[in-house]
Amino acid sequence: MSENLKTIRELADELGVSKQAIWQKIKRDASIDLRQFTSTKGNTVYVDVDGQKVIKEMFSNDSSTRHRQQKDDVDDNEKDAVDGQDEVKFLRNLVSEIQSEKKELHKLLDQQQRLALQDKQLLEEYKAEIKDLKALTMAPHDDGEKEVTSDKQQEPKNSTPESQPKPKKWWRFGK
């Protein structure tokens with residue numbers, strides 16, 4: 001193509017804006033008839049020298065886009081600074097909350113360890129008492145034997161002959 005023609009992308013790069021910004025400007029300004037300044041080849045739109053001048057004037061009539069972008073960047077930086085201060089305050093509060101929770105957890109852990117130690121001591125005392133009770137129940141008799149008692153009941157001896165089992169005969173001759 002001719003050296004005088006530029007694409008919308010090239011114009012956008014030259015002006016420091018996006019292609020969409022150029023298209024939006026053209027659509028907003030009803031006085032511009034884009035067809036008289038452009039030619040299309042495939043999907044690419046080429047703008048002639050006159051069209052380039054018109055588009056550049058549209059962007060220069062507004063307060064410059066770069067100036068607005070810089071101003072927005074400064075405003076964003078100021079907001080970021082304020083947000084940063086708020087963030088620092090938030091983080092400090094968070095740290096102090098975490099520290100207080102940590103202290104509380106240390107207290108609870110200490111309390112748990114004390115209770116575990118008390119339980120262990122009680123268990124040892126109970127074991128000692130059980131040993132003492134076993135020693136008392138296994139007291140020696142007059143004849144020197146030790147009596148062993150258990151939780152099981154002893155079975156009473158059957159003294160009646162009817163209750164004693166009869167021996168079975170293993171042979172069956174005759175009847």
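The residue pairs whose first member lies in segment 47-61 and is of a type in the set (Asp, Glu), whose second member is surrounded by 13 or more Cβ atoms within 10 Å (Cβ to Cβ) and modelled with pLDDT under 80, and whose beta carbons are closer than 6 Å, counting only pairs six or more residues apart or on different chains, are Asp48/Phe37; Asp50/Phe37.
Against the criterion of being at pLDDT below 85, buried (at least 16 other Cβ atoms within 10 Å of the Cβ) and over 46 Å from the mean Cα position of the chain (by Cα), Ile22 does not qualify. Residues in segment 1-10 that are surrounded by 14 or more Cβ atoms within 10 Å (Cβ to Cβ) and either part of a loop (DSSP other than H, G, I, E, B) or modelled with pLDDT under 85 (or both): Leu5, Ile8.
The values are calculated or read from the model by the stated rules, or taken from the named source; none is laboratory data. Everything numeric here is computed off the predicted structure, so don't read it as measured data. Glycine also receives a Cβ, built like all others from the backbone with ideal geometry; neighbour counts cover every protein chain displayed.
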